[in-house]
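Okay, structure first, notes after.
The values are calculated or read from the model by the stated rules, or taken from the named source; none is laboratory data. Model, not experiment: these values are computed from the prediction. Every residue, glycine as well, gets a Cβ built from its backbone with ideal geometry; the counts of neighbours run over all protein chains shown. These area figures cover heavy atoms from the full protein model, side chains too; ligands, DNA and RNA do not enter into them. Shrake-Rupley method; radii C 1.70, N 1.55, O 1.52, S 1.80 Å.
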Amino acid sequence: MTGSYWIETWGCQMNEHDSEKMAGTLEGLGYRPAASPFDADVVLLNTCAIREKAEDKVYHFLDRLRPHRAARPEMIVGVCGCVAQLVGEGIRKEAPFVDLVLGPRAAGKLPEYLAGAKDARGIVDTTLYQDSILAGTESVRRQPGRVKAYVTVMEGCNKTCTYCVVPATRGREESRPLEALLTEVRRLAGEGYREIEFLGQNVNAWRCPDTHAKLGDLLRAAGRVDGVRRLRFTTSHPLHLTSDIIAAMAEVPEVSDALHLPVQSGSSRVLQAMKRGYDREKYLAKVNELRKCKPELALSTDVIVGFPGETEAEFQETLSLVREVGFDQMFSFVYSARPNTVASLMRDDVPFERKAERLMELQALQREIQLAGHQHLIGRTFEVLVESRSRRDAEEWAGRTRCNRVVNFPGRGLAAGDFVTVRIVAAGPNSLRGERLDDAREGAPEGKIALA
Ligand code: SAM
Ligand code: SF4
């Protein structure tokens with residue numbers, strides 16, 4: 001029996017892409033997308049457990065679903081992803097109407113469980129299956145147009161950062177073979193995708209199980225695939241970002257000028273307590289090495305404030321590192337104690353209010369840095385990959401530079417996936433405004449398009 005489905009997704013790109021693979025699996029079984037979760041025959045919640053707040057959202061969603069499930073008992077509700085892995089059977093105690101609880105590495109069992117769902121309600125599968133069961137599954141890509149596509153290169157994470165729940169929810173690292181990845185990249189490029197983003201929680205540690213090729217080799221090989229115009233990879237761990245990966249980033253023109261390199265803290269004492277494996281100086285040395293090889297590189301990062309015991313002086317070290325590096329973008333979080341992590345047992349004497357103030361201070365600084373950095377770009381010209389049309393104005397488009405900066409610009413006769421040349425005319429902290437040079441050339445009076 002098939003019908004319609006809805007997948008609600010929280011969390012990182014890995015979760016987004018897992019949802020694309022689950023959608024591919026469901027469509028392969030004959031299910032079609034529903035107009036809303038409340039009308040669907042199968043509703044899957046692909047959840048994130050990285051912070052407590054992320055987990056709370058899942059229970060709120062289940063509360064909203066409850067009356068619809070009561071009215072239509074044939075509806076199948078599944079909780080998947082990291083909360084499923086972490087809480088397991090506990091989810092059904094909180095919400096007994098949930099039919100399936102599947103950890104991230106059990107999602108490949110969906111066809112089997114759905115086939116028997118009528119009599120097999122109440123399944124909890126949190127096995128950390130060793131073969132990448134979802135990897136390579138035909139996905140239903142959620143990005144509009146054929147612009148960007150994710151490719152999972154590895155599952156799991158072998159690091160032991162003391163605050164992090166991911167190793168418990170996603171299991172040990174398992175890399176996919178080089179040839180399988182290249183086949184997927186060739187297929188996507190053939191379908192017209194312009195940008196490929198390789199995904200792994202610790203993507204720098206990818207290693208082909210057959211040939212022992214490393215990430216640098218994968219980047220070089222993927223760069224040679226016809227039709228691939230931009231290559232990205234995330235998330236990089238500073239300790240595993242080898243000189244060979246940096247050399248490949250510089251050698252392969254398709255590798256974007258943007259890198260996400262989470263620092264987490266600017267204090268060496270805190271980094272040690274987080275067990276990140278590098279200190280402030282090593283992180284800054286890595287940034288220097290990167291910028292020598294790729295001078296245009298835009299860096300983004302993650303920062304946690306209020307880690308247990310973080311002093312005022314240590315927080316100031318984070319602010320000074322952020323100033324020194326001048327990140328292009330930052331994702332910042334207040335530390336959230338997660339079950340069964342080493343950090344959750346540490347003494348934490350920083351009141352939550354002070355942590356929240358630190359976050360606001362850090363975010364205000366980052367906004368200033370981003371605005372100043374963006375203003376510096378006014379007058380410069382960039383290649384922009386067109387992503388989407390504005391919902392409000394049919395002649396307004398948004399795209400991204402090779403540095404992954406968002407540019408909004410007016411344009412006619414465009415489609416998602418086009419490359420255009422845009423000159424920056426204005427800047428805000430989160431995006432740039434540009435004018436399309438090739439377009440301007442057609443109708444504008446001479447001189448208007450002179451390059452700065
Ligand atoms: N694998 C990546 C890495 O090594 O940085 C990212 C993992 S996680 C999905 C994304 C970000 O969430 C982390 O970089 C960290 O800043 C943040 N994070 C993880 N655990 C956290 C916690 N317990 N409290 C607050 N933020 C956390
Ligand atoms: Fe978590 Fe650290 Fe692994 Fe990233 S590298 S997923 S922060 S344990």
Failed item in (1) open to solvent by 30 Å² or more (accessible area, probe 1.4 Å); (2) more than 16 Å from ligand 2 (Cβ to nearest atom), with F331 passing the rest: (2)
Residue match in the range 331-340 (condition: aromatic (F, W, Y), touching a Leu at 6+ places or on another chain (Cβ under 8 Å) and outside any loop (DSSP other than H, G, I, E, B)): yes
Residue in the range 292-309 that is farthest from ligand 1 (Cβ to nearest atom), counting only those that are under 23 Å from the mean Cα position of the chain (by Cα) and over 18 Å from Q264 (Cα atoms): E296
Leading residue by the ranking (farthest from the chain's Cα centre (by Cα)) among those in the range 1-51 that are assigned to a loop (DSSP other than H, G, I, E, B) and of a type in the set (S, T, N, Q): T2
V43 vs. criteria β-branched (V, I, T) and in contact with a Cys (Cβ under 9 Å, 6 or more places away or on another chain): no
Which numbered condition K57 fails, given (1) within 16 Å of ligand 1 (Cβ to nearest atom); (2) closer than 19 Å to G156 by Cβ; (3) of a type outside the set (D, E); (4) assigned to a helix (DSSP H, G or I): (2)
Qualifying residue in the range 310-326 (condition: among the small types (G, A, S) and either over 25 Å from the mean Cα position of the chain (by Cα) or surrounded by 15 or more Cβ atoms within 10 Å (Cβ to Cβ) (or both)): yes
Filter result for V305 (in contact (Cβ under 8 Å) with a residue 12 or more places away in the chain, open to solvent by 20 Å² or more (accessible area, probe 1.4 Å) and farther than 21 Å from N404 by Cβ): no
Whichever residue in the range 341-353 is open to solvent by 50 Å² or more (accessible area, probe 1.4 Å) and part of a helix (DSSP H, G or I) and, among such residues, is farthest from T162 (Cα to Cα): E353
Residue under evaluation D18, criteria (1) more than 16 Å from ligand 1 (Cβ to nearest atom); (2) at pLDDT below 95; (3) crowded, with 18+ Cβ neighbours inside 10 Å, criterion not met: (1)
Residue in the range 169-183 that is farthest from ligand 2 (Cβ to nearest atom), counting only those that are of a type in the set (D, E) and under 19 Å from the mean Cα position of the chain (by Cα): E174
Enumeration of residues in the range 100-118 that are surrounded by 21 or more Cβ atoms within 10 Å (Cβ to Cβ) and closer than 11 Å to G78 by Cα: L100, V101, L102, G103, A107, L110, L114
Selection count where residues are more than 21 Å from F38 (Cα to Cα) and among the charged types (D, E, K, R), scope the range 71-98: 2
Candidates P177, P167 - the one that is over 16 Å from G223 (Cβ atoms) and free of Cβ contacts under 8 Å to residues at least 24 places away in the same chain: P167
Qualifying helices (runs of 4 or more DSSP H) (wholly inside the range 188-291; at least 2 residues being of a type in the set (S, T, N, Q), away from ligand 1 (no atom under 14 Å from the Cβ) and surrounded by fewer than 20 Cβ atoms within 10 Å (Cβ to Cβ)): 268-274
Residue satisfying condition, being on the phi > 0 side of the Ramachandran plot and at pLDDT 90 or above, within set G103, G81, G122: G81
Filter pass, V270 being within 16 Å of ligand 2 (Cβ to nearest atom) and among the hydrophobic types (A, V, I, L, M, F, W, C): yes
K53 vs. criteria over 20 Å from E112 (Cα atoms) and of a type in the set (K, R): yes
Cβ pairs under 9 Å, 6+ apart, first in the range 236-250 and within 16 Å of ligand 2 (Cβ to nearest atom) and modelled with pLDDT of 95 or more, second part of a helix (DSSP H, G or I) and among the aromatic types (F, W, Y): P238/Y283
Among (1) out of contact with any strand residue (DSSP E or B) (no Cβ under 8 Å at 6 or more places or on another chain); (2) within 12 Å of ligand 2 (Cβ to nearest atom); (3) open to solvent by less than 10 Å² (accessible area, probe 1.4 Å), the one test that V166 misses: (3)
Which numbered condition N158 fails, given (1) open to solvent by less than 40 Å² (accessible area, probe 1.4 Å); (2) over 17 Å from the mean Cα position of the chain (by Cα); (3) among the polar types (S, T, N, Q): (1)
